[in-house]
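Take a look at the structure below.
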Amino acid sequence: MTVKIPLYGRIDSNNAAELERSIFSQLEGKHAASVILDAEQLRYISSAGLRVLLRVKKTHPDLTITGVSSDVYEILDMTGFTEMMNVEKAYRVVSIEGCEEIGRGANGTIYRIDKDNVVKVYKNADALADIQHEREVAKLALILGIPTAISYDVVKVGNSYGSVFELLNARSFSKILKSDPAKFDWCVSEFVQMLKRIHRTLVPKGKLPDMKEKALDWAMFLKGHLPEQAWNKLYALIDAVPTDDHMIHGDYHTKNLELQNDEVLIIDMDTLSVGHPIFELGSIYNSFVGFSEVDHEVILRFQGFDFETGKRFWRHSLAAYLGTNNELKLREVEDKARIIGYVRLIRRAIRRNGLENEMDRREIEHWTAELLTLLDTVDSLLFSGNEIEVEAIDENLPKVQAFIARHLAENGCPMKARMQIEVAAEEIFVNIAHYAYTPLSGSATVRVEFFENPMSVSITFMDHGIPYDPLAHREPDVALSAAEREIGGLGIFMTKKIMDDVAYEYRNGQNILTLKKNL
Amino acid sequence: MTIHQEKNGNALTVALEGRLDTMTAPELEETLKEALTGVEALTFDFEKLDYISSAGLRVLLAAQKTMNRQGTMKVTHVNEIISEIFDVTGFSDILTIE
């Protein structure tokens with residue numbers, strides 16, 4: 001049983017005794033009751049009043065004081081009462097009437113409440129736990145190097161809760177795409193850079209939920225909806241995806257990416273998880289294509305731009321993410337992403353009672369048909385990205401060489417260029433292995449990207465070792481005879497000769513060396 | 001990489017197969033240290049060598065320096081890609097390539 005008792009105005013030595021009598025008369029015979037003292041109307045409490053609270057606490061240990069104003073909270077905090085009993089602060093009330101909607105995610109909608117601040121209003125009326133969760137994961141992401149915003153206040157918005165963030169002069173990428181189509185390529189590039197940054201981030205074990213488990217749950221939900229054989233295959237496909245401790249955002253689209261001054265921020269962090277990037281690609285596919293496949297108006301309402309733009313954005317982003325324009329390769333990875341995407345869409349629509357509604361029914365039918373077709377042909381959800389991260393030691397050279405060689409072969413790179421790129425890549429990787437972290441060790445990341453007009457490939461090497469520009473070395477004199485020749489600098493010299501461009505920069509604490517070869 | 005040696009009096013032929021790179025160059029260096037004693041004519045047969053990096057070039061350069069003191073050295077059956085590496089590094093001028 002819970003007894004709720006309101007407190008009013010000032011409580012001091014003049015009225016404390018009277019209040020005490022009133023409280024205990026209300027609690028008479030209710031020894032085991034939980035007591036909530038509602039302090040919403042309480043302006044001040046003196047030590048006489050605090051003694052009353054202590055006596056109530058003694059007879060009724062399960063005591064909570066709610067709706068505490070900041071003045072009263074300060075008194076309770078200073079006197080140590082916040083440690084002795086549950087004290088809940090009053091939430092500032094914020095109205096979103098007439099406020100611009102700037103973002104929308106799975107669990108809530110984000111509105112701008114003034115020039116510098118936004119509020120995320122949670123759908124779930126009892127969202128305090130969600131808010132706490134989002135604040136914690138956003139903090140974790142920030143510590144791990146992901147630029148994001150962390151809420152500084154919890155407020156009441158109508159019957160819901162909201163969390164307030166500082167977001168100055170920020171514009172979402174959806175808005176930029178809508179109002180400034182010339183920025184399309186720039187948006188794709190920033191969108192993919194942030195995505196890669198997230199996917200490169202290793203999360204300490206147990207800090208974030210595992211997306212694979214969620215995906216298996218979605219699949220379980222479809223048992224009975226799909227023919228048995230198809231369902232078995234679907235479940236096996238998801239189950240075969242290896243666990244992965246790298247971060248995924250879980251709801252990555254252009255409404256959650258904000259440009260604040262010159263900085264790109266990712267917001268709406270409550271779905272942050274760990275897992276294989278295919279799960280992320282599935283959800284990105286949905287945001288830009290899947291959701292709107294039947295009803296093209298959906299994306300216009302949600303993102304503000306049309307279906308064709310969404311589809312183009314997805315395709316360009318996937319190409320940039322995979323570092324290839326090879327249509328076959330893009331299609332292959334897209335098909336894998338669509339399997340994850342459709343499972344999620346079908347489950348969501350069915351759960352929303354979609355079978356009762358004509359449009360939803362048509363969508364469920366469409367997504368199911370697409371899913372079944374894909375299940376006929378796709379035999380694995382795995383794909384290889386265009387980046388590999390290894391410990392920078394000589395022993396990993398064959399691994400790096402094999403990785404580069406596979407990408408070059410897949411993209412039809414001529415034999416001669418392949419060999420030259422291998423030679424150059426060896427020089428750079430071995431350089432990092434020998435010098436970047438000495439005497440400690442560290443990792444190196446190698447990325448392979450293909451470009452058109454002119455057809456070219458770039459291999460980028462990144463390490464967090466000491467800043468070092470290998471290109472700054474003096475070139476060896478290749479005209480000298482064997483007896484006079486010194487060995488040093490030969491590798492870099494050779495690399496410059498056989499590549500079309502070799503560039504070095506030190507950025508964000510990283511040595512970044514890029515080899516370019518025209519094909 | 002596999003190293004095949006064939007000794008004929010003072011002449012030694014070293015045939016390499018596979019890749020001469022950072023991982024395999026130390027092995028060749030080690031082999032040559034002993035094998036070159038008393039050799040006056042050294043031949044590298046690159047017919048089955050697919051790949052060479054600067055680590056491999058360094059070993060060739062060291063061998064050339066040794067042979068300058070005690071005899072001759074030549075490299076045979078160089079494929080087009082390795083030949084280009086020799087060209088851009090100036091090794092074509094240092095080594096005797098047949």
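The values are calculated or read from the model by the stated rules, or taken from the named source; none is laboratory data. Bear in mind the structure is a predicted one, so any value in this text is a computation, not a measurement. FYI the Cβ positions are ideal-geometry reconstructions off the backbone, even for glycines, and counts take in every protein chain you see.
In the stretch A:145-156, the qualifying residues are those that are surrounded by fewer than 18 Cβ atoms within 10 Å (Cβ to Cβ) and within 13 Å of the chain's Cα centre (by Cα), and the one that is farthest from A:L259 (Cα to Cα) is A:G145.
In this structure, does A:W186 turn out to be more than 17 Å from A:H253 (Cα to Cα), in a helix (DSSP H, G or I) and of a type in the set (F, W, Y)?
no
Screening the stretch A:204-301 for helices (runs of 4 or more DSSP H) wholly inside it with 2 or more residues that are more than 27 Å from A:F313 (Cα to Cα) returns the ranges A:211-221, A:228-239.
Annotation: of all residues in the stretch A:162-183 being out of contact with any strand residue (DSSP E or B) (no Cβ under 7 Å at 6 or more places or on another chain) and in a helix (DSSP H, G or I), the one that is surrounded by the fewest Cβ atoms within 10 Å (Cβ to Cβ) is A:A182.
Within the stretch B:42-59, can you find the residues that are more than 9 Å from chain A (Cβ to nearest Cβ) and either crowded, with 17+ Cβ neighbours inside 10 Å or among the hydrophobic types (A, V, I, L, M, F, W, C) (or both)?
Within the stretch B:42-59, B:L42, B:T43, B:F44, B:D45, B:F46, B:L49, B:G56, B:V59 meet the criteria.
Set side by side, the residues A:R338, A:R312 differ, and just one is part of a helix (DSSP H, G or I), charged (D, E, K, R) and touching a Gly at 6+ places or on another chain (Cβ under 8 Å), which is A:R338.
Take the residues in the stretch A:1-57 that are over 49 Å from the mean Cα position of the chain (by Cα) and acidic (D, E), then tell me which one is nearest to A:V72 (Cα to Cα). Among those residues, the one meeting the criterion is A:D12.
One line per residue, one yes/no per condition, for (1) in contact with a Lys or Arg (Cβ under 9 Å, 6 or more places away or on another chain); (2) more than 14 Å from chain B (Cβ to nearest Cβ):
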| position | (1), (2) |
| --- | --- |
| A:E363 | no, yes |
| A:E370 | yes, yes |
| A:T377 | no, yes |
| A:S384 | yes, yes |
| A:I388 | yes, yes |
| A:D394 | no, no |
| A:E410 | yes, yes |
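Each residue in the stretch B:1-35 was checked for being surrounded by 18 or more Cβ atoms within 10 Å (Cβ to Cβ) and either hydrophobic (A, V, I, L, M, F, W, C) or free of Cβ contacts under 8 Å to residues at least 12 places away in the same chain (or both), and 10 pass.
Anything in the stretch A:358-385 that is among the polar types (S, T, N, Q) and either outside any helix (DSSP H, G or I) or without any contact (Cβ under 8 Å) to a residue 60 or more places away in the chain (or both)? List them, or say none. A:T373, A:T377, A:S380, A:S384, listed by residue number. Could you list, in sequence order, all residues of the stretch A:224-255 that are over 23 Å from A:S287 (Cα atoms) and polar (S, T, N, Q)? The answer is A:Q229, A:N232, A:T243.
Condition check ((1) under 26 Å from the mean Cα position of the chain (by Cα); (2) of a type in the set (A, V, I, L, M)) across all residues:
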site	(1), (2)
A:M78	no, yes
A:V87	no, yes
A:G108	yes, no
A:D116	yes, no
A:E136	yes, no
A:G158	no, no
A:Y161	yes, no
A:N169	yes, no
A:I176	yes, yes
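Only a single item in (1) within 14 Å of chain B (Cβ to nearest Cβ); (2) surrounded by 19 or more Cβ atoms within 10 Å (Cβ to Cβ); (3) over 27 Å from A:V192 (Cα atoms) is not met by A:A425, and it is number (3).
When the stretch A:330-376 is filtered for residues that are among the polar types (S, T, N, Q) and either at pLDDT below 95 or under 20 Å from the mean Cα position of the chain (by Cα) (or both), the ones remaining, listed by number, are A:N353, A:N357.
Counting the residues of the stretch A:226-276 that are more than 21 Å from A:E134 (Cα to Cα), touching a residue at least 60 places away in the same chain (Cβ under 8 Å) and of a type in the set (D, E, K, R) gives 2.
Could you list, in sequence order, the residues of the stretch A:379-434 that are among the acidic types (D, E) and either under 30 Å from the mean Cα position of the chain (by Cα) or modelled with pLDDT under 90 (or both)? Correct list: A:D379, A:E387, A:E389, A:E391, A:E410.
Among the residues examined, A:V430 does not qualify as away from chain B (no Cβ under 14 Å), crowded, with 22+ Cβ neighbours inside 10 Å and of a type in the set (A, V, I, L, M).
Out of B:N10, B:N79, report the one residue that is within 14 Å of chain A (Cβ to nearest Cβ) and over 13 Å from the mean Cα position of the chain (by Cα).
B:N79
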